[in-house]
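K.L.:
First, the structure itself, so that you have it in front of you.
The values are calculated or read from the model by the stated rules, or taken from the named source; none is laboratory data. The structure displayed is predicted, hence computed values, not measured ones. Counting neighbours? That spans all protein chains shown, and the Cβs are built from the backbone with ideal geometry, glycine included.
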């Protein structure tokens, strides 16, 4: 046996001593990198979201039109999109004592700002691009996640637009809106509650939930302080060979 060869116990102890700081350093760097990348990616994601506002609003206006026709048949006469606005013309009841002239239809024009319900998409894009994983940086993979998240958020955002149109028709119109609400058995308190919810809570909450679904591994890494898949893990110190033989 070579006398210059270090004992096995010392070699194993040295490897353990090196592995533990390396894991600790990686864990610290990964979290710090995530926070730094969020600061860098979120402004860019907001810029792209605003630049694509007409594209983002297009599927929402189509789904919102279908949803309104199902919910309020015969009320919405026409819809159109102007940049990020969902514009519509609705047939409303005449105030008491007024009679429509021949050939005239009592209607009102309104619009809903789609951006009020889609800013969560920018949050999701920024988080998805900033989240580290156990693989090398893959732009194509992260762009796919951004696309999938966008598609999942579309129905939620379209529902928010439908609720906003309902608020405009049943609450903002005053007496005519109250008459329509009575005709369609609409609870104004529910409309007001969902209107606030879809503006203040749903955009961000839905984006965070979908981001968490796509990045469960990273969340477990941060929560339980465990290395991501593919990162080295520290080997717990065990009994030396001398102790085992004794």
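K.L.:
What residue, among those in the range 85-105 that are surrounded by 14 or more Cβ atoms within 10 Å (Cβ to Cβ) and not in a strand (DSSP E or B), is modelled with the highest pLDDT?
P.N.:
92
K.L.:
A further question on this structure: Which of the residues that make up the range 178-206 are closer than 18 Å to residue 110 by Cα and without any contact (Cβ under 8 Å) to a residue 12 or more places away in the chain?
P.N.:
178, 181
K.L.:
Kindly indicate which of 35, 63 is assigned to a helix (DSSP H, G or I), on the phi < 0 side of the Ramachandran plot, surrounded by 15 or more Cβ atoms within 10 Å (Cβ to Cβ) and out of contact with any strand residue (DSSP E or B) (no Cβ under 9 Å at 6 or more places or on another chain).
P.N.:
63
K.L.:
Of the residues 208, 153, 147, which single one is assigned to a helix (DSSP H, G or I), modelled with pLDDT of 95 or more, under 17 Å from residue 34 (Cβ atoms) and out of contact with any strand residue (DSSP E or B) (no Cβ under 9 Å at 6 or more places or on another chain)?
P.N.:
Going through 208, 153, 147 in turn, just one is assigned to a helix (DSSP H, G or I), modelled with pLDDT of 95 or more, under 17 Å from residue 34 (Cβ atoms) and out of contact with any strand residue (DSSP E or B) (no Cβ under 9 Å at 6 or more places or on another chain): 208.
K.L.:
Does the range 49-62 hold any residues that are in contact with a helix residue (DSSP H, G or I) (Cβ under 7 Å, 6 or more places away or on another chain) and either over 16 Å from residue 116 (Cβ atoms) or at pLDDT below 95 (or both), and which are they?
P.N.:
59 - this is the single residue of the range 49-62 that is in contact with a helix residue (DSSP H, G or I) (Cβ under 7 Å, 6 or more places away or on another chain) and either over 16 Å from residue 116 (Cβ atoms) or at pLDDT below 95 (or both).
K.L.:
Another question, if that's okay. Select from the range 177-191 the residues that are in a helix (DSSP H, G or I) and farther than 10 Å from residue 163 by Cβ and list them in ascending order.
P.N.:
Listed by number, the residues that qualify are 177, 178, 179, 180, 181, 182, 183, 188, 189.
K.L.:
For the range 177-198, which residues satisfy the criterion of being within 28 Å of the chain's Cα centre (by Cα) and buried (at least 16 other Cβ atoms within 10 Å of the Cβ)?
P.N.:
191, 194, 195, 198
K.L.:
Please go through the range 156-176 and pick out each residue that is under 32 Å from the mean Cα position of the chain (by Cα), in a helix (DSSP H, G or I) and more than 12 Å from residue 60 (Cβ to Cβ).
P.N.:
Scanning the range 156-176 gives 163, 166, 167, 168, 169, 170, 171, 172.
K.L.:
While we're looking at this one, here's another question. Only one of these is within 22 Å of residue 143 (Cα to Cα), modelled with pLDDT of 55 or more and within 30 Å of the chain's Cα centre (by Cα): 66, 41. Name it.
P.N.:
Step by step, each of 66, 41 is checked, and only 41 is within 22 Å of residue 143 (Cα to Cα), modelled with pLDDT of 55 or more and within 30 Å of the chain's Cα centre (by Cα).
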